[in-house]
Amino acid sequence: MPTEQRRRWRRIPITATLLSAVLITPHAAPAWADEVETGAGSYTTTLPSGESGPGDMDGAPVEPTVTEDLDQPPTTNDWWSSLIFPRYSDNPYGENLFAHPLSFHPSEDGLEIGYSSEPEIVADGLKYEFGHSPDLTLGVQGLQSPDTRVADYSDWTVTPQWSDGQRTLRATIGQGLPFAYADLDGGAAEVTFAAEPDIWHDEAPSSVPPSTATTTPCSPRPRPPGRSPEPCCAPRTSPRAMSRWRC
């Protein structure tokens, strides 16, 4: 038999032996001290060695910023995650939140609310985006909250809270909602506008001073002959929205 052919035949048993060793050698999966079996899988309640938990942009560890009465597990990777895991160490309130059609920004003064209809050209003209541009800020008179904390959340909404121990603001915002619903305690509601607003309806309860903002009257809607003109604004029938009106 030629030498070259004998060499080829000699390599085959060696390769087969190594392959058998690879196939037979068991592969042990890492086992964690607090591993919990569930169905066909498992999870661990302790952080694996060498891994790190949530952190900010500087790599510093962060704890979930939640209220004491939150009875849900802290969640991650959502459109409002900067509320529960602060992204920057010098901003304890949160970043821009886009819950279309509205945009929001939590700040020390409360909750900024905006509706961006004009795109901005960014990244040296390489792309455009609809950024946050506040139209108004919702707060409580005298509120001096040191941070924003998550008080509740659902699949589509989140409720951040501002509190200084005497005054509290909780505002529920969500994807697809054209409004923000707020509960407050310890002070009067305060709304600050980015520009002078046009007030198209003002009917406050007797216990609330009338608005001092400039009002712009609206014209009645035309009706068929023989019928009285319809006011341009009529109250909604929702019991939760006594001061919400439609045109």
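The values are calculated or read from the model by the stated rules, or taken from the named source; none is laboratory data. It should be emphasised that the depicted structure is a prediction, and the values quoted were computed from it without experimental measurement. As a convention, Cβ positions derive from the backbone with ideal geometry for all residues, glycine included, and neighbour counts pool all protein chains shown.
Overview of results
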item	result
Residues of region 33-56 satisfying the condition of being under 17 Å from Thr76 (Cβ atoms), free of Cβ contacts under 8 Å to residues at least 12 places away in the same chain and either loosely packed, with under 10 Cβ neighbours inside 10 Å or not aromatic (Phe, Trp, Tyr) (or both)	Thr45, Leu47, Glu51, Ser52, Gly53, Gly55
Qualifying residues in region 37-71 (those that are in a loop (DSSP other than H, G, I, E, B) and among the aliphatic types (A, V, I, L, M)) - the one nearest to Val158 (Cα to Cα)	Leu70
Subset of region 179-216 (residues that are acidic (Asp, Glu) and at pLDDT below 80)	Asp202, Glu203
Boolean, Leu169 is surrounded by 13 or more Cβ atoms within 10 Å (Cβ to Cβ), in contact (Cβ under 8 Å) with a residue 40 or more places away in the chain, among the aliphatic types (A, V, I, L, M) and assigned to a loop (DSSP other than H, G, I, E, B)	no
Condition met for Ala31 (under 37 Å from the mean Cα position of the chain (by Cα), modelled with pLDDT under 90 and not β-branched (Val, Ile, Thr))	yes
Total residues in region 172-202, condition part of a loop (DSSP other than H, G, I, E, B) and closer than 17 Å to Phe104 by Cβ	7
Residues satisfying the stated conditions in region 62-75, i.e. surrounded by fewer than 10 Cβ atoms within 10 Å (Cβ to Cβ) and either free of Cβ contacts under 8 Å to residues at least 24 places away in the same chain or among the polar types (S, T, N, Q) (or both)	Glu68, Asp71, Pro73
Scan of region 73-109 for residues that are more than 22 Å from Asp135 (Cα to Cα) and either hydrophobic (A, V, I, L, M, F, W, C) or not in a loop (DSSP other than H, G, I, E, B) (or both), ordered by number	Ser81, Ile84, Phe85
Residues of region 135-152 that turn out to be within 27 Å of Thr75 (Cα to Cα) and not in a loop (DSSP other than H, G, I, E, B), as a count	7
Region 192-209 residues that are surrounded by fewer than 10 Cβ atoms within 10 Å (Cβ to Cβ), paired with ones that are at pLDDT 80 or above (beta carbon under 9 Å, 6 or more apart)	Ala195/Asp135
Single unsatisfied condition, Thr137 versus (1) surrounded by 10 or more Cβ atoms within 10 Å (Cβ to Cβ); (2) of a type in the set (Val, Ile, Thr); (3) without any contact (Cβ under 8 Å) to a residue 40 or more places away in the chain	(3)
Exclusive hit being in contact with a Ser or Thr (Cβ under 7 Å, 6 or more places away or on another chain), closer than 22 Å to Val191 by Cβ and of a type outside the set (Val, Ile, Thr), set Pro101, Pro106, Pro86	Pro106
